[in-house]
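Worksheet: one structure, shown below.
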Amino acid sequence: MRIGVIGPMDPDHFADNICSTLPRMGHEAIPLGSALPGVRGISRSVAVAEHWQRRIVRLARRSELDAILTVDAALLPSTVRSLRSLGVPIALWYPDSLPNLGRQLMFLAPYDGLFFKDPVSVDRLCSVFGAPVHYLPEACNSAWHRSGPREVCEPVVVVVGNLYSARAALLERLHRAGIPLRIHSAGWPRWVRGLAVQQLPVHPELFREAKALGV
């Protein structure tokens with residue numbers, strides 16, 4: 001199958017992992033890009049999003065796809081309708097925390113399937129919206145995320161990823177309980193302030209094999 005993948009293709013982002021894994025499963029992965037421009041300072045209004053996402057539809061049309069998988073929740077309902085008009089199924093696989101759903105655009109879009117990693121939320125979304133919501137957790141990429149030999153093992157919990165509000169609250173609780181933490185991230189969001197855990201140093205981000213080693 002030729003599967004179009006929508007989402008940021010930065011190293012070790014979810015879309016990057018999917019495009020790495022699909023060929024090993026016997027499918028061809030076609031990156032279609034992000035739903036929004038990733039350049040700081042560019043407006044993310046609906047008009048800008050509509051203009052930006054037209055290129056996704058054009059690329060999908062030229063690529064003669066068998067299916068489309070987006071991991072980007074910012075895809076507009078109008079874009080999903082345009083992609084479905086190509087005659088191929090389209091699904092959203094949302095790997096992030098549910099509090100980060102933002103505008104919740106996926107519930108207004110005609111997806112063939114919506115996949116989330118929280119089974120409790122899946123049950124509620126099915127009962128409330130009657131939408132095609134399914135439980136599908138993410139996992140490691142066996143080609144990249146494998147631990148290797150190491151000389152020293154430190155008694156520390158390594159945290160790698162975005163420091164969104166729910167994760168910040170959890171890290172604050174662990175830190176106050178005396179759990180040793182080493183944080184690798186792009187930094188704290190500007191709206192997260194006044195936490196004791198923010199006194200810890202934030203180390204550079206880790207990707208692929210380095211993430212598995214935690215170094």
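For region 146-160, state whether one or more residues are at pLDDT 90 or above and open to solvent by 50 Å² or more (accessible area, probe 1.4 Å).
Here is the first cut: in region 146-160, the ones at pLDDT 90 or above are none.
No - not one qualifying residue is present in region 146-160.
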Exercise. With respect to GLY4, is the statement that it is touching a residue at least 24 places away in the same chain (Cβ under 8 Å), within 18 Å of ASP112 (Cβ to Cβ) and buried (at least 19 other Cβ atoms within 10 Å of the Cβ) true?
Worked result: yes
Exercise. Within the group VAL80, VAL122, VAL128, which residue is of a type in the set (Val, Ile, Thr) and at pLDDT below 85?
Worked result: VAL128
For this session: Restricting attention to region 122-138, report how many residues are assigned to a loop (DSSP other than H, G, I, E, B) and either open to solvent by 60 Å² or more (accessible area, probe 1.4 Å) or farther than 22 Å from LEU86 by Cβ (or both).
Result: 4
For this session: Look at region 16-44 and say how many of its residues are assigned to a helix (DSSP H, G or I), open to solvent by less than 40 Å² (accessible area, probe 1.4 Å), of a type outside the set (Val, Ile, Thr) and modelled with pLDDT of 90 or more.
Result: 2
Seminar exercise, completed: Listed by first then second residue, the pairs whose first member lies in region 119-141 and is in contact (Cβ under 8 Å) with a residue 60 or more places away in the chain and hydrophobic (A, V, I, L, M, F, W, C), whose partner is open to solvent by 80 Å² or more (accessible area, probe 1.4 Å) and in a loop (DSSP other than H, G, I, E, B), with beta carbons under 8 Å and at least 6 positions apart or on separate chains, are CYS140/ARG146
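Pick from GLY187, GLY194, GLY178: which is part of a loop (DSSP other than H, G, I, E, B), out of contact with any strand residue (DSSP E or B) (no Cβ under 7 Å at 6 or more places or on another chain) and open to solvent by less than 60 Å² (accessible area, probe 1.4 Å)? It would help to see each step written out before you state the result.
Values: GLY187 fails: out of contact with any strand residue (DSSP E or B) (no Cβ under 7 Å at 6 or more places or on another chain); GLY194 fails: open to solvent by less than 60 Å² (accessible area, probe 1.4 Å).
Within the list GLY187, GLY194, GLY178, the selection yields GLY178.
The values are calculated or read from the model by the stated rules, or taken from the named source; none is laboratory data. The structure presented is a predicted model; accordingly, all values stated were derived computationally and were not measured. Note that each Cβ is placed from the backbone with ideal geometry, even for glycine, and that neighbours are counted across all protein chains shown. Areas reflect the complete protein model, heavy atoms only, side chains present, ligands, DNA and RNA absent. Shrake-Rupley method; radii C 1.70, N 1.55, O 1.52, S 1.80 Å.
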